[in-house]
Amino acid sequence: MKNYFKTILPLLILLAAAIPANALQIVYPKTPNTEVSAASTFFVGNTNPEASLKINDKEVKIFDNGSFVEVVPLKDGFNRIIIDSKAGTEHDIMTYIIKRVPPKSLTIPEAELIEFPQNEFIYAATVKGNTPLRAQPDEYAQRITHLDSNTVLMINGKKGDFFRVSLTPEKNVWVRADSVVTYSTINSKMLANIDTVSVCEDALFEYIKTKISFAAPYKITETDTGLSVDLYNIKENNADTTLFKPTSTLKSLAINQIAPENKSTYFVELNHRLWGYDAYYENGYFVIKIRKKPQIDAKQPLKGLTVALDAGHGADDAGAIGPTGVKEKDINLDIANRLKSVLEKAGASVVMTREDDTNPQLYDRIKTAKESNALFLISLHANALKDGGNPYEKHGTAVFYYNAQTVDFAKIIRDTLTKELQTKDDGVGMYSLVVTRPTMPLSVLVEVAYMIHPEEYKMLLDEKFRQKSAEAIKNALETYVKTNCTVSGTNYQ
Ligand SMILES: [Zn+2]
């Protein structure tokens, strides 16, 4: 019974909210008195489908389910906007006062740079895993690398909320001061000893393991043929990889030491494209973990593969709200449930980051996906725009990725969805998000269609369209693995 309600409840919510009340309802802007820093906003809502609707005396198109979406230009200062809906004797008038304000300037007084004397360092260690090092002392600056917890850093300066971290004599990066614990000040560099480097494997992964005296910072970069991994603050060493034999995954492994920079670079060449990778510390070893190319069954390409599905938002976080009040979180979960069942029918294992109306933390969603050893992570959303955008110009299906290894996968999803759903191509874009940044699983975020485009919203409310969306994503997954995997068995074309 419990499961029955789990499946049926979001559907009932969708249906109930899809039947509009006849009276005028505005779902966006959220309040009648609001501030906007763009040259326009839009009114999203619903009214009697038979009504004639005017916003500041301009006729507005009402779609057959009563939905309307209208872009309204804003002048500086106060804008009085009157929404007037008339159907026979029904007459609803609402007044919105929207203040257009200048964009918030980010001119925070620049903090002073405190530089430590040469060869004086504070030692620190990262508190949590996935700690970013950035190019500048700024929350939004480029991410250089992400570090495991307890990675030891040499700090040689401070600016505002950030510590400056020395990677090589020439290269400094920045870490948030509150993401590390600091230890003593030392008047020399503390360098890590590398001992042996070995390669081992299990059913899913290859591991390059380096015995090391403490956890030093590292940076992992995708190359055309595999990975290049820099280990910093390393003592000159004789780490020997000559005993290394190529495997089905690893074509070659070369370690290049640049002694004056106290840096070792691992050039990892693979026999196949990247299928996900990670770097971390474990029991005194620095581990580079590389996913092997999956072997697939020609007749059932998704059989045995694990896919993590993330239905965006949940609970108090509704996501975008459509003209008749349906919430994005419910659409996302419904498509995720449908995708789960089509994938399972195709022989895949599916892990869900949420199965009901809850809102797990973003990093917990990633953790669920990682712990399941999923090959793919697909985060499902339905799109909206910020004030200033125009949903009649920008709409359709968009797919976001972060790591280069995922671009082709993102493109195949975009191509398949726009073709099978006949949606407009809203592009494939690189976007730094918690759910797109993981290097394992291969991670993408899919915006199936727009909640605030009246025709696409109507499609999202249609069960057949949501089912088709799920089938299209499954088809995209099949195409991707068929194009890139090794096929076992015969008769495959
Ligand atoms: Zn969303």
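Values in this text are rule-based calculations from the coordinates and carry no lab data. Because the structure is predicted, anything quoted here is derived from the model rather than measured. Ideal geometry is used to build each Cβ from the backbone, glycine not excepted, and the neighbour counts take in all protein chains shown.
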Quiz item: What share of all Cα pairs of the range 113-186, in percent, falls into each consecutive 10 Å distance bin?
Solution: 22, 60, 19, 0
Quiz item: Under a plain spin-label model, where a point goes 7 Å from the Cα along Cα-to-Cβ, how far apart in nm are residue 95 and residue 202?
Solution: 6.8 nm
Quiz item: Percent relative contact order of the range 320-466, based on C-alpha pairs within less than 8 angstrom and at least six residues apart?
Solution: 30 percent
Quiz item: Packing-wise, with mean Cβ within 10 Å as the measure, how do 320-333, 263-276 rank, highest first?
Solution: 320-333, 263-276
Quiz prompt | the chain: calculated mean residue ellipticity at 222 nm from DSSP helix runs of at least 4, using -39500 (n - 2.57) | solution = -6000 deg cm²/dmol
Practice problem: Provide the packing ranking of 71-81, 167-177, 425-435, i.e. peptides ordered by the mean count of other C-beta atoms within 10 Å per residue, highest first. | Solution: 167-177, 425-435, 71-81
Exercise. Excluding residues fewer than 8 places away in the same chain, name every one of the lysines whose C-alpha is closer than 27 Å to that of residue 30.
Key: 54, 58, 61, 75, 86, 99, 104, 327, 329, 386, 394, 458
Self-check item: Highest to lowest packing among 460-467, 117-124, scored as the average C-beta count within 10 Å
Solution: 460-467, 117-124
Exercise. Could you name the lysines whose alpha carbon sits less than 25 Å from that of residue 209, not counting residues in the same chain fewer than 8 places away?
Key: 128, 189, 219, 235, 245, 251, 263, 289, 292, 293, 367, 370
Practice problem: Over all directions, average the projected area of the Cα convex hull of the range 23-100 and note it in nm². | Solution: 4.5 nm²
Quiz item: By how many degrees, 0 to 90 and rounded to 10, does the Cα axis of helix 2-18 deviate from the longest principal axis of the chain?
Solution: 50 degrees
Exercise. In Å³ and rounded to a whole number, note down the convex hull volume per residue for the Cα atoms of the chain.
Key: 166 Å³
